[in-house]
Amino acid sequence: MKILQLTKKFPFPLKDGESIAVTNLSKSIVAHGCEMTLLSMNTSKHFVDIDKLPNSYNHYKAIHTVYLDNRVSPLGAFFNLFSSDSYHVSRFDFKAYREKLIELLEAQEFDIIQLETLYLAPYIETIKAHSSAKVVMRSHNVEFEIWNRIVESTSLLPKKWYLKLLTKKLRRFELERLPHYDALVTVTQRDLERYKNLGYNKKGMASPIGVDINRYKLQKNIQNGQSLSFIGSLDWMPNLDGLDWFLKEVFPNILNHYPSLTFNIAGRNTPKSIVDLANDNILIHGEVDSAIDFINNHSIMIVPLLSGSGMRVKILEGMALGKVVISTSIGTEGIDALHKKSILIADRPADFLECIKWLNDDPERMYEIERNARAFIGEHFDEGMNAERLLNFYKSILAN
């Protein structure tokens, strides 16, 4: 099977959920005997020097990139107010990328064109005009749902009005594209059911993000309950909003009960508003070289998401490393781990404090959660098994 994979950013380094999700799946598919070609946007925001990729990043038959400057433009955002187009999507719609896509489609035949996220949907018409391959949308999130939740958590009225308008346009675009997919792959069953309820009626399957449990080596735990961590890209609004809420509404109350507790924050593009909060209890690490090493250095991983959709890769990584993860219900969507068995779930400030107290009251609870978390990931999120199921689904599409 020959697959052409389209991405809106180059999926390396493996420091964010999207890159990990794209790379893990593509490597597993190749390991099952398929041939994959990558056509990636190489954006100004996430530029990668392809000549400096490690030798181990060698699973693609060929890698093609197109440099694009898709930075948010205040002028472009203003003029979009008078357009029916989604500004979220239009920032990834480029002539140069379309031309490269046509060149690849005319040079060789593919069985599957796999679009990684909604932002590649503007190219479907081009694909269908130049190829007989099946078009599969791999949806990492229900995109408009993320922004709906951001709107709901925004109190500043002008910002709320603007985000609501952007979300309305994004929703319309997302729903209008559903009939154009030959198949839909979501990372959670919940998202698949959501799309079906919104009118999707073709072939679809839920294929969770897979991890290789052997990459995640267990290390000796830090002293029970004394070191919290957060890691995530802080140029992604749901991460930033959730972290800001935790720092203002949750952590001060925790400190009143555990004054020696430290909260360690790592993430790309950490804004000055977060950096300025640094003190003896709040430690800012910025972008770290290894997410695995950072997570391993702390006892408890905090994922305070108030918005978002899809599946949080960092939770999977934390659990694979045998760490206690405390997350909101939104953060754990699609993972289906049980509260106080392999994960801790907290939606209110008082819930987070209760979780910390529950762990500190009996140290054995932490060790039990750690053991259960790693076993849960190995059982439900093995990347090899996930890739095999997905390829069987692709074969069923091609057979029709």
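Using the structure shown, decide if N372 is polar (S, T, N, Q) and in contact (Cβ under 8 Å) with a residue 40 or more places away in the chain.
Here the answer is no, as N372 does not meet what is asked.
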* Asked: So is T186 within 20 Å of the chain's Cα centre (by Cα), assigned by TED's automatic domain parsing to the domain that holds I124, of a type in the set (S, T, Y) and within 30 Å of K272 (Cβ to Cβ) or not?
  -> no
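Being assigned to a helix (DSSP H, G or I) and touching a strand residue (DSSP E or B) at 6+ places or on another chain (Cβ under 6 Å) is the filter; apply it to region 6-28 and report the residue that is surrounded by the fewest Cβ atoms within 10 Å (Cβ to Cβ).
Looking only at region 6-28, we keep the residues that are assigned to a helix (DSSP H, G or I), and these are 17-28.
Add one more test, that the residue is touching a strand residue (DSSP E or B) at 6+ places or on another chain (Cβ under 6 Å), and what stays is 22, 26.
Values: V22: 26, S26: 22.
Only one residue tops the list, namely S26.
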* To do: Could you figure out which of (1) modelled with pLDDT under 95; (2) within 18 Å of the chain's Cα centre (by Cα); (3) of a type in the set (F, W, Y) isn't true of Y87?
  => (2)
* Subset of region 353-374 that is in contact with a strand residue (DSSP E or B) (Cβ under 7 Å, 6 or more places away or on another chain) and closer than 19 Å to Y258 by Cα - its residue that is surrounded by the fewest Cβ atoms within 10 Å (Cβ to Cβ) -> M366
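Is there a residue in region 67-84 that is at pLDDT 95 or above and under 21 Å from E109 (Cα atoms)? Break it down into steps so the answer makes sense when it comes.
Residues of region 67-84 at pLDDT 95 or above: 67.
Next cut, under 21 Å from E109 (Cα atoms) only: none.
For region 67-84, residues at pLDDT 95 or above and under 21 Å from E109 (Cα atoms): absent.
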* Asked: Given the residues F393, F352, F381, which is the only one that is at pLDDT 95 or above and closer than 25 Å to E18 by Cα?
  -> F393
* Asked: For region 48-62, does any single residue satisfy the condition of being under 25 Å from R389 (Cα atoms) and outside any loop (DSSP other than H, G, I, E, B)?
  -> yes
* Of all residues in region 375-388 being touching a residue at least 60 places away in the same chain (Cβ under 8 Å) and buried (at least 20 other Cβ atoms within 10 Å of the Cβ), the one that is nearest to N296 (Cα to Cα) -> I377
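The values are calculated or read from the model by the stated rules, or taken from the named source; none is laboratory data. Every value quoted in this text rests on a predicted model; they were computed, and no experiment measured them. Neighbour counts are summed over all protein chains in view; Cβ atoms, including those assigned to glycine, are modelled from backbone coordinates with ideal geometry.
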